[in-house]
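Accompanying notes for the structure given below.
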Amino acid sequence: MQLLGRIWKVVTSFLGIAGLESALKAADQIPLGVPAFPEYHAPTPLRPLPGPIFKPPGGIPSGDGSDFQCDYSKMVGFKECSSSTDRSCWLTDGTTTWDINTNYEEVDEAASTPSMPIGVTRTYQLVATDSPIVADGLDFPEGKVFDGGSGPQYPGPWIQACWGDTIEITVINKLKGNGTTIHWHGLRQWFTMHMDGVNGLTQCPIAPSSSFVYRFNATQYGSSWYHSHYSIQYADGLVGPISIHGPTSEPYDIAPDLPLLLTDWAHNSAFNVVSSGVMENPSILLNGRGNASAWDNTDPKGFDPSKVQIYTLTFQRNQTNPEQTQKHLIRVINTSFDTTFTFTIDGHQMTVVEVDFVPINGFPADGPTTSITVGIGQRYNIIVESLPRPSGASGDSDSYWIRTYIPPNCTNRMVPSGPGYMLNGILRYSNESTSAPTSDAWPGVAAKPCVNDPVTFEPVVKWNVGPPSNNGSIGETRQVNTTKTTVTNFTVGRLGLWAVDTDRSQPLRINFSDPSFFNQNQSRPWKPEEVVLVEDWKNIGPTDWIYITITNFQGFGPHPMHLHGHDFAILNISYTPPIPGQDVILNTNNPPRRDVVLVPTGGFVVIAFRADNPGNWLMHCHIAQHAAEGLGLQILERPEKALQIWPPGQSQALNNTQKLCAAWTAWQSNCANWAVPCADIFQDDSGV
């Protein structure tokens, strides 16, 4: 019995200790008098959350592009920070923030890295093809359009990306008798000049049955368009919208629709317009839709009213509280051949928040405006506030005209005489409504002059412009000259940017088969018709400034001058010539900036840009006929740095371009391939 008692005592003691150990593990406490040591548990590492994937702020609820999402999954620990009450923030991790104040122009040349978030690669395919277009009730048989995979369409597919994405677009040429190149209008192409898409400068044309891959970074954000830069080909239909989603200076609720592309339209090919000077049966289109009978209030031959489609923009009201207004982001882009427009919506006012690719503080500063003037190539992001439901209305049947006026003294072509030529779109609050609006136009808008609008806006990211590194207090001076200079086989050449210290005008004319990209080492002299302005004084660097003054004393209306590869500061706009002996007053303290400016008739502009983007860059009038007639020049920026980026014999970009040029030369050398087989002249215009 004593032995059994001792055994039982040992067993119960063991069980007691075992039970105590379990209790210690559960309660993590050590009772007094029991020696024990806490068990070590390695801490579980906290894995940072992947970056956000989200629909762009206010993204369209349905239809084309509605499934698009921004993807910043590589930005570990970041989150979206945009809200309907504050659209200025984009991404943040609590320490670093990408927002409206981020200087997207800041670049590190040594590391070849721009200042932008880390997005994803967006891939697109565009097939350029011949296709008739019926945009306004009248057939245009010589149309040239893009097919993005769902069939030929005009305008072309909506290309979307988010700030910091890489965009890769394969362009396939299935046109008959035409080469093509595609320019991504306003994109900085920082260190990727060879992707700018200008034949004769950055590449040879893409020959029929050939293709080319464009790849570049979305270092900016905002609205733009892509278009052919092969002569005046874009005016036959090769255009489409680009949206790069990013922050905005003012709050909004909804971005309800596709970008709005404004354009003039003809029913003969733009190639014929340049030689004949006549746009047959002109009309105005909004997103590829219009009415060919509205121009002069008559039905042209072949007009089919059943094929007329007026573009409709739909605003949403808060259905639980229809008296509550909502703010809508609208993107307005002028893709015309010849025409500046005044854009307005009956009954609605607008605040401008982005000019070209430049975010600005809301303009006007003292409240919304009733209209904006949009030159060719210019873009505006505007915020339009919805109206409350009309008093006593049971539904949302109200609708309002969207008007696109041609400002007075803005074109040398025929002026429309139809009383409703400007009625080119409808804003509705319900898709069920089909009746024509009865709204009244804003007073005074039709008479607005053909000038830059606005001219006093304030960019969010400030620039303080330094002194010019090139000649004179206002830099190089170039004068729009209309004196025709005879150039062999250049039958339409008559406009140029005349260097005032020379005695003649030289229209620009490029060589399709020998792009300037091949001559950045300047191994051969530049030909006069290449009109190259070499900017390498004083060994300028990326923080130095280049000034250019453009004068327009000979009439022909305002010229929308566009500079590739840069935003430029507008230091002065004058509507009269400079006074001899008086200095031109320059605004260098955060002046307005953009990439297209209207040079006024009888006046001049002074622009400035940083020499931070080496290569060959085109500056030209964006009136397509004027560009075809030679109104442009090339800027060779920092050629020594360009040779470091694209070293001859070592650059893959140069090798790819040489292959493209070989295909082009093989195609062009057989005159049976030409649009007019074996014509006397293959290229009768500038080429751009």
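Taking the condition of a type outside the set (Asp, Glu), crowded, with 21+ Cβ neighbours inside 10 Å and within 30 Å of residue 563 (Cβ to Cβ), does residue 345 pass? No; evaluated as a whole, the condition is false for this residue. Taken over segment 96-119, the criterion of being farther than 25 Å from residue 360 by Cα and either part of a strand (DSSP E or B) or without any contact (Cβ under 8 Å) to a residue 12 or more places away in the chain (or both) is satisfied by 110, 111. Of the residues making up segment 570-615, those that are more than 20 Å from residue 469 (Cα to Cα), polar (S, T, N, Q) and surrounded by fewer than 19 Cβ atoms within 10 Å (Cβ to Cβ) number 3.
Listed here are the residues, each with its yes/no results for (1) assigned to a loop (DSSP other than H, G, I, E, B); (2) closer than 13 Å to residue 474 by Cβ; (3) aliphatic (A, V, I, L, M); (4) in contact with a helix residue (DSSP H, G or I) (Cβ under 7 Å, 6 or more places away or on another chain).
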{"residue": "522", "(1), (2), (3), (4)": "yes, no, no, yes"}
{"residue": "542", "(1), (2), (3), (4)": "yes, no, no, no"}
{"residue": "549", "(1), (2), (3), (4)": "no, yes, no, no"}
{"residue": "556", "(1), (2), (3), (4)": "yes, no, no, no"}
{"residue": "566", "(1), (2), (3), (4)": "yes, no, no, no"}
{"residue": "572", "(1), (2), (3), (4)": "no, yes, no, no"}
{"residue": "580", "(1), (2), (3), (4)": "yes, no, no, no"}
{"residue": "584", "(1), (2), (3), (4)": "yes, yes, yes, no"}
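Beta carbons closer than 6 Å, at least 6 apart along the sequence or on distinct chains, pair a first residue in segment 626-651 that is hydrophobic (A, V, I, L, M, F, W, C) with a second that is in a helix (DSSP H, G or I) for 628/274; 646/653; 646/654.
Among the residues making up segment 595-616, those that are within 26 Å of residue 482 (Cα to Cα) and part of a strand (DSSP E or B) are 596, 597, 598, 599, 603, 604, 605, 606, 607, 608, 616.
Going through segment 447-468 one residue at a time, which ones are out of contact with any strand residue (DSSP E or B) (no Cβ under 6 Å at 6 or more places or on another chain) and small (Gly, Ala, Ser)? 447, the sole residue that qualifies. All conditions in (1) aliphatic (A, V, I, L, M); (2) touching a strand residue (DSSP E or B) at 6+ places or on another chain (Cβ under 7 Å); (3) part of a loop (DSSP other than H, G, I, E, B) hold for residue 436, with the sole exception of (2). Could you figure out which of (1) within 27 Å of residue 593 (Cα to Cα); (2) among the hydroxyl-bearing types (Ser, Thr, Tyr); (3) assigned to a loop (DSSP other than H, G, I, E, B) isn't true of residue 209? Answer for residue 209: the failing condition is (1).
For segment 311-320, the criterion of a residue being surrounded by fewer than 17 Cβ atoms within 10 Å (Cβ to Cβ) and assigned to a helix (DSSP H, G or I) is satisfied by no position. One residue alone among 229, 245 is crowded, with 23+ Cβ neighbours inside 10 Å and within 28 Å of residue 79 (Cβ to Cβ), and that residue is 245. Here residue 103 clears all of (1) out of contact with any Phe, Trp or Tyr (no Cβ under 9 Å at 6 or more places or on another chain); (2) buried (at least 18 other Cβ atoms within 10 Å of the Cβ) except the condition numbered (2). Residues in segment 651-688 that are among the β-branched types (Val, Ile, Thr) and assigned to a helix (DSSP H, G or I): 657, 665.
Can you find a residue that is at pLDDT 95 or above, of a type in the set (Asp, Glu) and closer than 30 Å to residue 179 by Cα anywhere in segment 549-568? Yes - at least one qualifying residue is present in segment 549-568. Taking residues in segment 293-309 that are in contact (Cβ under 8 Å) with a residue 40 or more places away in the chain, and partners anywhere that are among the acidic types (Asp, Glu) and outside any helix (DSSP H, G or I), the pairs with Cβ atoms closer than 7 Å and at least 6 places apart or on different chains are 293/299; 302/139; 308/136. If the condition is being under 27 Å from residue 85 (Cα atoms), among the aliphatic types (A, V, I, L, M) and outside any loop (DSSP other than H, G, I, E, B), then segment 368-396 contributes 372, 382, 383, 384. Taken together, 175, 258 contain a single residue that is closer than 23 Å to residue 69 by Cα, of a type in the set (A, V, I, L, M, F, W, C) and assigned to a loop (DSSP other than H, G, I, E, B), which is 258.
With respect to the stated conditions, residue 268 is touching a strand residue (DSSP E or B) at 6+ places or on another chain (Cβ under 9 Å) and either surrounded by 20 or more Cβ atoms within 10 Å (Cβ to Cβ) or modelled with pLDDT of 95 or more (or both). From the list 466, 420, the one residue that fits, being in a loop (DSSP other than H, G, I, E, B), small (Gly, Ala, Ser) and either under 27 Å from residue 591 (Cα atoms) or without any contact (Cβ under 8 Å) to a residue 60 or more places away in the chain (or both), is 466.
Close Cβ contacts (under 9 Å, 6 or more residues apart or on different chains) running from residues in segment 141-156 that are at pLDDT 95 or above to residues that are of a type in the set (Asp, Glu) and buried (at least 19 other Cβ atoms within 10 Å of the Cβ) comprise 142/236; 143/236; 144/236; 145/236.
Residue 160 fulfils the conditions (1) part of a strand (DSSP E or B); (2) over 15 Å from the mean Cα position of the chain (by Cα); (3) not acidic (Asp, Glu) except for a single criterion, (2).
The values are calculated or read from the model by the stated rules, or taken from the named source; none is laboratory data. Quantities reported herein were computed from a predicted structural model and do not represent experimental measurements. Using ideal geometry, Cβ is built from the backbone for each residue, glycine included, and neighbour counts are taken over all protein chains shown.
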